[in-house]
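Please treat every number below as a calculation from the coordinates, not as lab data. If you're wondering where the values come from, they're calculated on a predicted model, not measured in any experiment. All Cβ positions, glycine included, derive from the backbone under ideal geometry; neighbour counts span all protein chains shown.
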2 protein chains.
Amino acid sequence: MSESIIEQLKAAARAKQFLQQFAPDAKKATLEAIAAALVEEEALILHANKIDLDRMDDGDPKKDRLLLNSDRLQALSASVKQIADLADPTDQLLLKKILPNGLEIEKITVPLGVVGVIYESRPNVTIDVAALCIQSGNVCLLRGGSDAQYTNEALLRVIHRVLEAKGIPTDIVQLLPVARKHVSELLEATKYVDIIIPRGSQSLIDFVRENAKVPVIETGAGVCHTYVDKTADLEMAAKIVANAKISRPSVCNSLDTVLVDKEVAPEFLVKLAPYFENASVEVFADPIAYKLLAHQKFSNLVAAEEADFGREFLDLKCSIKTVNGLDEALEHIEKYSSKHSECIVSSHELTIERFLNAVDAAAVYANASTRFTDGGEFGLGAEIGISTQKLHARGPFALEKLVTEKWIVRGNGQIR
Amino acid sequence: MSESIIEQLKAAARAKQFLQQFAPDAKKATLEAIAAALVEEEALILHANKIDLDRMDDGDPKKDRLLLNSDRLQALSASVKQIADLADPTDQLLLKKILPNGLEIEKITVPLGVVGVIYESRPNVTIDVAALCIQSGNVCLLRGGSDAQYTNEALLRVIHRVLEAKGIPTDIVQLLPVARKHVSELLEATKYVDIIIPRGSQSLIDFVRENAKVPVIETGAGVCHTYVDKTADLEMAAKIVANAKISRPSVCNSLDTVLVDKEVAPEFLVKLAPYFENASVEVFADPIAYKLLAHQKFSNLVAAEEADFGREFLDLKCSIKTVNGLDEALEHIEKYSSKHSECIVSSHELTIERFLNAVDAAAVYANASTRFTDGGEFGLGAEIGISTQKLHARGPFALEKLVTEKWIVRGNGQIR
C-alpha cells in the first residue's frame, strides 16, 4: 500500500498542462472511443465486477448498486456517448469589452483544474465523472468505495488503454487508493485539488463538509413538498402526487409531504388514496387528513408527529398536512423545505405565480411532478448530483458547471 | 447588550418576503434617496464619526481608514448613485426551453437571500454593501468593527430614515451588535443566513473560513507576478512594473515579484531602477539581478531568500528573479502564485497567448498593469472584494454575483 497520494497529486498537476490544448474534437473522439471500449471489454469488466460481488454478503442492499451486466454496460456506454455530444463548456466567451483607455477585457470559461470525487459503491459514478471531466478539460481524482475496487480498477484500465492509444497522459483520470487515510490527504490538498464533490450517503457528505479544506460542492437532501391548491384539477393533482412519491421513492427529488387546502382535502384524498393504497405507501397524516383517510379505511395510516414534517423519507412513506390556503402552505415550506424541489398544483394563474416567486428552492414546479429535477430531464446531460446550495451551482450540477471563469486583459502599456 | 441576535435573524427572514416584490425602479429610487441623504445628513454622520475617532489612539493606522469628511461622504454618495445605475442582476432569464413532453423550463437569477458581511473599520463598506444588497434584492446583516460603531449606527440611521419614508421594512439592512460572541452566532446561522463575506485582514478571513457553517465567499491575498519577456518593449515594461508596484502598494492587485528573461535583464533593470529608486522601493533580488542592480548602485537592495518569492508584500517592496524564458516563468508562477492577477510584457503574439492560456489565475494580463483588477475598472461597479477562489465568483466580486439561480418548471400534469 502506498504511503501517500502525493505523487498522484503531483502527476495530476502535470496532467493539467496537457488539458490546456485538448481540443473539442479530440475530447469527443476520446469519449467515443471510451464508449466503444466499455462494450468491447465487457469480459474484462464483468470478471472484475464478479470478484467484487463475490466478496459482498448476499443480503447486502449495495449488491444491486454494484452489479454490472451487459445491459448496464450498454447504458454506461450510451451515457458516455451522450456526454461526448454535449457542447464543450470551456472557452465560452462570457463578456468582451474595450475600455476607454484601450484595454481589451474578456471573461471566458476555463476548466476548474483538478476535481476530486469521493463516492461509494456505484461503478457508474466512475464512468460518468471521468467522461464529464474529460469533456470539460478537468483532471479527475476518483476515490471510490473499497467494495467496488476491482470493478473500478478494470474500468480505469479500459479508459487508460484508450488514452494511451491516443497519446493522452493517463494521469488525467486517476483512481486513488481506497485506504481511509488517503481521504484526509485528498480533503486537505488545497495546493493540488481545486474542488471536491462527495457523492453518496448523508454521512459521507457531512464528513467531507466538516473535514475538507479544499472547496466542496454539496449535493444535498431533498425534502420535497407538493401543495394542492383549492383550484387544482384534483384528478391531475392525485396523479402528480402519486408519481412524485411512487415512481422512485429512494431518490432526492421524490415527494415527502403533501400539503392540501382544507376546502378540497376530502375530495382530493378520495382520489389519491387508491394510488397510495396500490403502492402500499405509508401515510403520516395530520388530524384532519387522518380522519378523512381513516374514513376511507386507508391501510397504512399513522398519526403524524412533528418529526414527520421536514423528514426525507427516501421510501414509500409520505406525510400529509391540511392547510388554510397558500399562505399557510408557504409558511410550512419555508420552515421545512431543504430547498430542493417544491411544487404547486393549481389552476389559478396568480396563485401559481405567487408560489413560484415566493418559494426559495433550486427548482419550483407548477402542475408537474418534482421527479423531473434531473440533469438528463433538464437537457443538461449526466449530472454529478443535485446541488441544494446557492453558490456556483444550484439544481442539477452537470457539465456546464465544471468550469470557472478567467478574466483576460490585453493592453499596450496601460497603467493606472 | 442583547443576549442573542436570533430576533434580528428572524426579522431578516421576514424582510426577505418584501424583497420579492421590490421592483427595479423602486430599488433605484431608494438608492438615489440614500445617496442624497448621505450628503444632507453630513452633520449627523460626522458628529458620530468624531466620537469614534476620539476613542482611537492618535498613532493608530486605522484612524485614516475610519475618518469621514465632506469629500469622503460625497464619494460615498457618488458610489451609491453608481450602484443605482447598474442593471438589476435579478430576474435575468438564463435559459428557457420547452421539453418534448410540453414542460416549460426556465432558469432565472434570484437574490441570494440573506447576506452577512463581517468587516473592520472602514465605514465605506457599510454603505457599499448596503447599496449592493438593495440593488440585488438581498437582506444584509452588517457586522462592522467596534472602532466604527458610532459611525455605522449613524449611517444606518440615515439609511433607515430613507427606507421608512418609502414604506420599506428597515430590517432589509441591519447592523449587528459588535460583541464578539455574536460573530459565532452569525457564522453558524445556516437556517437564516445564505452567505457570509469576510472583508478585512487575512486573520479575519482565516477565522471566518475556519469557523463558518454558512457558506463563505473569500476574497484572498494577491501574490502578483509580472514577467518581462525577451521581446518586451523594455521602456513599456519598466513603466508597467513601476505602476503595478508603486501606484498603491497596500492593495491585493499590486505587484510582488518581477520575473525577467536573463537575456534582457541588464537593459531592463537599467530602465526600471530609476522608478524604484525614486519611490524608495526595497528590492529582494536573486543573485543575477542583485549583481546587476548593485552595479547600478541601487540603494534598497537585499539578497532574496526563498521566502521572498510567493510573499505578498503589501508595501513598497518587491522581489526580482531572472529566468530562462517563458517556461521557467510559468513554472515559477505555478509554484508561487495566489491565482489573483498575473502579467506578461511581450511583443511576441504566440508567447503572449501561451502565457494567457497557461497561467491559472482570476485575471491574466498582457502589456498592462495588474492594478486594473478591480470591479470599478472592469465596469462592474463597486465590488465586495477580489475572489481568488474558483467557485461562484472569480475576480472582482460585484453586484452581478450577488445572485443565485432558480429553475422554474411549468406543466399541465406531466409525470415521469
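Brief remarks follow.
- Cα shape, region A:108-185, gyration tensor, a/c 1.5 rule: oblate
- Signed unit charges on C-beta, dipole axis of chain A, positive-most listed residue A:L9, A:P274, A:H160: A:L9
- When A:R161 is represented by a point 7 angstrom out along its Cα-to-C-beta vector, the spacings to that point in the other copies are 7.9 nm, nearest first.
- Look at A:M236, A:M56 and count the other Cβ atoms within 10 Å of each Cβ; fewest to most, that gives A:M56, A:M236.
- Legend: P(r) of region A:202-257 from all alpha carbon pair distances, 10 Å bins from 0, whole percents, reading 21, 34, 23, 16, 7, 0.
- A compact globular protein would have a Cα radius of gyration near 2.2 N^0.38 Å; the ratio found for region A:1-103 is 1.63.
- Over all distinct Cα-Cα pairs of chain B, the Kirkwood formula returns a hydrodynamic radius of 23.5 Å.
- Across the identical copies, the label point of B:H348 (7 Å from Cα in the Cβ direction) is separated from its matches by 7.3 nm, in order from shortest.
- B:A87-B:E3 FRET efficiency (beta carbon distance; Förster radius 41 Å; 0.05 resolution): 0.45
- Taking label points 7 Å from Cα along the Cα-to-Cβ direction, A:N69 and A:D54 give a separation of 1.9 nm.
- Two tests apply to each whole DSSP H helix in chain B, Cα reach of 30 Å or more along its axis and mean Kyte-Doolittle hydropathy of at least 1.0, and none passes both.
- Bridge orientation summary for chain B: considering DSSP beta bridges with both residues in this region, about 30 percent are antiparallel.
- Normalised convex hull volume, region A:298-348, alpha-carbon set, Å³ per residue: 126
- Highest-MSF residue in chain A out of A:A393, A:A43, A:A285 [GNM, Cα springs under 10 Å]: A:A43
- If only the Cβ of Lys and Arg carry +1 and only the Cβ of Asp and Glu carry -1, the dipole of the protein assembly as shown around its Cα centre is close to 240 debye.
- Gaussian network model of chain A, springs between alpha carbon atoms under 10 Å - residue of A:E218, A:E328, A:E383 with greatest fluctuation: A:E328
- Here the dipole of chain A is about 1200 debye; that uses its Cα centre as origin and unit charges on the Cβ of Lys and Arg (positive) and Asp and Glu (negative).
- Listed residues A:G200, A:G113, A:G167, most fluctuating in chain A (Gaussian network, C-alpha, under 10 Å): A:G167
- Label point of B:E305 (7 Å along Cα→beta-carbon): distances to the other copies' equivalent points are 6.3 nm, sorted ascending.
- Each Cα pair of region A:224-372 feeds into the Kirkwood radius, which the Stokes-Einstein equation turns, at 25 °C and 0.890 mPa s, into a diffusion coefficient of 168 µm²/s.
- Using a Förster distance of 22 Å, the FRET efficiency for A:E331-A:K291 (Cβ separation, nearest 0.05): 0.45
- Base-10 log of normalised Debye intensity for the protein assembly as shown (one unit scatterer per alpha-carbon) at q = 0.05, 0.08, 0.09 Å⁻¹: -0.31, -0.78, -0.98
- Each of A:Y290, B:Y365 has some number of other Cβ atoms within 10 Å of its Cβ, and from fewest to most they run A:Y290, B:Y365.
- Radius, Kirkwood style, for region A:344-400 when every pair of distinct Cα atoms is counted (Å): 12.4
- Exposure proxy order (Cβ contacts within 10 Å, fewest to most) of B:H47, B:H392, A:H182: B:H47, A:H182, B:H392
- Residues of type lysines that B:K321 reaches as a straight line, Cα spacing below 21 Å, ignoring anything fewer than 8 places off in the same chain: B:K230, B:K239, B:K245, B:K262, B:K271, B:K291, B:K297, B:K335, B:K339
- For the segment B:363-371, counting C-beta atoms of other chains within 10 Å of every residue's C-beta and taking the mean gives 6.
- Axis proximity, chain A to B: residue whose C-beta lies nearest, plus whole-Å distance: A:H392, 2
- FRET E, pair B:S250, A:K181, Förster distance 41 Å, beta-carbon r, rounded to 0.05: 0.45
- Judged by a Cβ-Cβ distance under 4.7 Å, the unpaired cysteines of chain A are A:C224, A:C252, A:C318, A:C343.
- When DSSP beta bridges are restricted to pairs lying wholly in the protein assembly as shown, around 30% turn out antiparallel.
- For region B:234-266, the residues whose amide N sits under 20 Å from a probe point set 7 Å from the Cα of A:Q20 along the beta carbon direction are B:257-262.
- Helical contribution to [θ] at 222 nm, DSSP H n ≥ 4, -39,500 (n - 2.57), averaged over chain A, rounded to 500: -13000 deg cm²/dmol
- Note on A:123-136: average number of Cβ atoms from other chains within 10 Å of each residue's Cβ is 0.
- Counting all C-alpha pairs of region A:158-263, share separated by more than 20 Å (%): 62
- Only Lys, Arg, Asp and Glu carry charge here, each on its Cβ (+1 for the first two, -1 for the last two); on that basis region A:1-151 has a dipole of about 600 debye about its Cα centre.
- The mean number of partner chain beta-carbon atoms within 10 angstrom of a residue's beta-carbon across peptide B:101-111 is 3.
- Loop-located trypsin sites (Lys or Arg not before Pro) in region B:257-326 whose Cβ has at most 16 other Cβ within 10 Å (DSSP): B:K262, B:K297
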